[in-house]
Each structure stands twice: as C-alpha cells, then as structure tokens.
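Since the structure comes first, as structure tokens, the remarks are kept for the end.
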Amino acid sequence: FFFNFLSKFLSDRIAPPGNFTLFVSLATTRHHFKFPSSSSDNQKLSVIMMRRALMGTARKVPMSLRLMSTSERLPRHGLKLQPSQSRVSAFFPLDSDNTFATDYPLSEGNLSNIVLYDGSKIRSILSTNEQKSTNEAYNELASEWTRVLDSGPGVFVIKDAFDDHEALDDVSEAFEAIIRQEEEEGEAGDHFSASGNNSRIWNAQEKLCVRDPGLFVRYFNNRVFTAACRSWLGPDFQVTSQVNSSHPGSSAQDPHCDYHLGFRTNEQVTEYPSHVHKMSQYLTLQGAIAHVDMPLETGPTTFLPYSQNFERNYLTWRDPKFVEYYRQRNCQLPLSKGDAVFFNPGLIHAAGDNISPNTDRLANLVQVSSAFGQPMEVLDRYRMSVAAYPHLLRLTNELGRGDPSAVLPALECTALGNAFPTNLDRDTPQGSAPPPSMKDKVWEALMMQISEEEFKEWMKEHGWLRESH
C-alpha cells in the first residue's frame, strides 16, 4: 500500500517543485531517499530502489514519513538559519497520521497523535529502585518516552499522574491565595495575555515551598512526575514552575515554541548556529499539571505533533502564514484533574480559547531544566562588569569612536548575555522577547556614555531584578 501510494503521490505531482527528499523513520532505523524532479522515469527508479532498501524490515513496522524539498534540509552544523529560509510549504502533512500504538507498547494508544499513558499502570511499573540502571522496566518506559519526545509526536499525557487529589486541591487553594495576594499588591503580570484574562504566578515553585513546605513536599513527592523528567533529562534536573489560571473569555495564544530559543526574537534566534537549534531541545522539558477538569471548551493547550522535528521551527512559528496553517492542523485533548502533559520545548503549541461559561483553567506549568544548564564555576558578573566598565568605555571611544562594537569580544567575556534566569515578577518578558540582559545594559551604558557611578547604580538595579525575593 505504501509504495503504491508513493507512486501515485509522485505521478499526481503533489510533491514540491525541484529535487526533494523523503525521510523514513522506522522503529529502529532512519532512511532518506532523494528524488529528482527532472524525469518521471528517474522518480520511478528511485521508488524501486527505496522499496528494495526497506523490504528487509518487519511487516507492519511503525513508520513516520516527512517530505522536504532539498532546499529545506538542515544546513551543515555551524551555519546560521535565516527567517527567509523558513517556508510553510515544508510542513507536508504526511507525519500527521502516522502515530502507531505498536510503536509505544506501554501506552494506551493515542488520540489526535498525542500519546496517552495510564498513571496507575506507570505506578505499577515503577519500583523503589526506579532510578537504578538495573531496573529494566523503568529503562524500557524511559526509552519509550524519549522516543515520543524526540522523533515521535513530541507530546504525551499521563492520565491521573497526580492521584492524590486531596493534595492537589490543597495546592490549588494555596495557588489561589497567592494569586489574590499578588493581585491586591499589584504584582501580578503575564507575558502572553492582556491584563484580566489570565492570572499568573511566577516562581510558583519557591512561593509554594515557602508558604507551605509540608504541602510542597507532599505534592512533588511524585514518582511518576520524577520518572518523566528523568527520562528526558537524566538525574539532577532542576524544576521551576509558573501557575496559570485562564478565565472564561480568555483568548488563545499564538502558536510558539518554549525556552530557550522560544524566548528570543527572530533576529536573536538567527545568531545561533543550526545545530544549537536542535541541541537546545534536549536541555529542557515542558510540562503542565491539570488542577481542574479541562474540557475542550476551557481551552487546554493545542499542539502540532512532530513539529519539533522541523529544523526551522523556532523561526517558522512567527510567520503569519504559519499561524493560519497551525489553526487548521493543531491537535487538542481534554484533560482531567491530576493529568500531566509533557512535551518537547521545540514542539509548536498554544493555549486555547476558554469559551466556557464559568470555569477557570488552572494549571501548574512546569519547566524542567537539565543539570548541565549552568557553568562549572560561580562568577560575580556584576562585580566584573563594574570593574571593567571604565576600560570598556575608554576603548569604545578610542577604537570605536563611540561604537561599543569595538569592545564586543571583551564584553562577551565579561557580562551575561542570557536574560535568564530572572525574577519574572519584576522582570516580565513581553511576548517572546526576553527582558534586557546584563550585557544589554552594559551595551546601553556604553552607547549613552554614562559615568562610572551611574553605571554602578544600573548594575545594582539590574541585579535586584534577578533576586527571587
């Protein structure tokens, strides 16, 4: 059937113009086949060669297909991607119908290409030595979850992952109390929604722990949650979380990717070489814990399965044409209280419209980072920047005639260029644009030619923005 379909596909000229490549992902191997566009006979010959190459595989083997024009393939490592290279036409809808339950035998199947797991079944798999490499059952589960997140749909749901609903309700009450307190104090803010549509708690992890340590421990002493995080990131991961309560009438988000590159402008994203676009996905795991039942009318998160495998996903999601494409092809599942969803940060997704009459969609949005997302040594970069500023300012004037570009190499080795981590209550991003980094502030000071004393105050204020309390 597959080869007949492919032959018809070519003969009907559905394929993109020019040379193109078909990527075939089997359960254990991957293949790619180049098809010339100049001759139908050459195309038929390519199909025959492809059939011979794949005939040795098992019958009914799970297969994922992705068609891309040759120009859309990922450049060699080290090259930079440009927004102009990102074409919505590269999202050919072959992947969308190719999630097989047989590829994820520990799952309960999939719905709308989102792989589903039973929390009680996962708890029975996990044992007291779940973190040991000798636990074959856990290793099999972790390997399956990794396949889902990496080359598969990029998202899975664990039903009733948080089965202590009494603790879940208590945590919900604590979150609602924090929301009320912050709204009264005027500290509440959100980076994606207009004021009043959403209630957001930044740094919910620390705030809950300090407010009620016993409840915090009870809530996060969850082996299912830990196993999911370890499967993608390994041990010693770092958890942060932000609570979001979307009120009735709140609008859907625009489709987007998440941290790291998801919190960069297009211009900033293009500065990172192509291999970093893929590598960054392996440093973070995104998740959400449903604190209430979320029928579709409340607007649970929508996803575009497999989009993490599109090499220019961090540039494509800002394209207005792609936004329309996303609206036509996204997938969405209702969630129940206690469900947890985990997804690749490079997967394109968006919160939906809450059109319910009276239900707040309350979720704890967890962002889990790799243990390796930090340097080996502790450096006081503010102290370094204050010490180096007069020399940077002098060379800016002597070498650059007022242009800080003349001292950029030294500046890169002095101040932090990443705006994160920061206190998102004080230093809230606007949309996907990050707040000013330390390096941004030093650059601005050099442009403005401010005094050393004023620069010290700038650094003091910027440092305060990054204190958790």
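The values are calculated or read from the model by the stated rules, or taken from the named source; none is laboratory data. Only a predicted model underlies this, so the values are computations on that prediction, with no experimental measurement involved. Heads up, the Cβs are rebuilt from the backbone with ideal geometry, glycines too, and the neighbour counts pull from every protein chain shown. These accessible areas exclude ligands, DNA and RNA; they are computed on the full protein's heavy atoms, side chains included. Shrake-Rupley method; radii C 1.70, N 1.55, O 1.52, S 1.80 Å.
A few points about this structure:
- Per DSSP, loop trypsin sites (Lys or Arg not before Pro) in the range 387-447 with at most 11 further Cβ within 10 Å: Arg401
- Accessible area (Å², per residue) of the range 325-446, counting only protein heavy atoms and a probe of 1.4 Å: 48
- Among the trypsin sites (Lys or Arg not before Pro) in the range 291-378, none sits in a DSSP loop with a Cβ that has at most 15 other Cβ atoms within 10 Å.
- Residues Leu424, Leu362, ordered by accessible area of protein heavy atoms at a 1.4 angstrom probe radius and largest first, appear as Leu424, Leu362.
- Percent carbon-and-sulfur accessible area, the range 224-332, ignoring ligands, DNA and RNA, probe 1.4 Å: 50
- Hypothetical label at His469: residues of the range 198-240 whose amide nitrogen lies under 16 Å (7 Å Cα-Cβ projection): 202-217
- The modelled label-to-label distance between Ala101 and Ser127, using points 7 Å beyond Cα along the C-beta direction, is 2.8 nm.
- Charged neighbours of Arg327, selected by a Cβ distance under 14 Å, balance to -2 (K, R count +1; D, E count -1).
- The range 299-443 shape via C-alpha gyration tensor axes, a/c threshold 1.5: prolate
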